[in-house]
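These notes concern the structure reproduced below.
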Amino acid sequence: MKKATFGLALLFVLCALPALAAGEVPDLKGSWVAKSVNVAGVKAGLYENPDAASTLVIEDQHGRVFTGYKKWTRKGETFTEKFAGGISSDNEIYIAEEKDGQLHGDYDAKAGALLLFYVESGPDAKVLEGVYVRTP
């Protein structure tokens, strides 16, 4: 009896996996602006940057993968970098930047926000936390 129950449960899980993977894909195209950024840096320590000017622009999306660019300002200078990203079936976001660094986080459909962590290794290793909201 246990083998039959286990077999039925396994069959149910295997049949449900494609349905989960094929769930509704959020449309992330558009501009997303960071409201503020918290920073943890090897050299700089911990601090909040409420004046952070960081924008993600998702230009093209096909299913769960997308491309775009990130624009940010640091010490009065504006930078732009291309990226490629993906959305997992549970709305985790993965972004690889063109030059260095990665972003990883979650899309919160209810709040309409992206919670993303930028990670960069090296002698000046840092992690930045940003909450991005879509701009009209």
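The values are calculated or read from the model by the stated rules, or taken from the named source; none is laboratory data. If you're wondering where the values come from, they're calculated on a predicted model, not measured in any experiment. A quick note on method: Cβ atoms are made from the backbone with ideal geometry, for glycine too, and the neighbour counts reach across all protein chains shown.
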- Task: Considering (1) touching a residue at least 24 places away in the same chain (Cβ under 8 Å); (2) surrounded by 12 or more Cβ atoms within 10 Å (Cβ to Cβ); (3) part of a strand (DSSP E or B); (4) out of contact with any Lys or Arg (no Cβ under 7 Å at 6 or more places or on another chain), say which one L28 fails and leave the rest.
- Result: (3)
- Which one is surrounded by the most Cβ atoms within 10 Å (Cβ to Cβ), of the residues in segment 31-83 that are of a type in the set (D, E, K, R) and over 23 Å from S121 (Cβ atoms)? R64
- Query: Can you name every residue in segment 107-128 that is buried (at least 16 other Cβ atoms within 10 Å of the Cβ) and under 11 Å from the mean Cα position of the chain (by Cα)?
  - Reply: Y107, A113, L114, L116, F117, Y118
- Message: Taking the conditions exactly as written (at negative phi, out of contact with any Cys (no Cβ under 6 Å at 6 or more places or on another chain), among the acidic types (D, E) and touching a residue at least 12 places away in the same chain (Cβ under 8 Å)), does E98 satisfy them or not?
- Response: yes
- Give me a count of the residues in segment 21-42 that are within 9 Å of G130 (Cα to Cα) and of a type in the set (S, T, N, Q). 2
- Query: Which residues, counting only those in segment 93-117, are within 22 Å of D51 (Cβ to Cβ) and modelled with pLDDT under 95?
  - Reply: G101
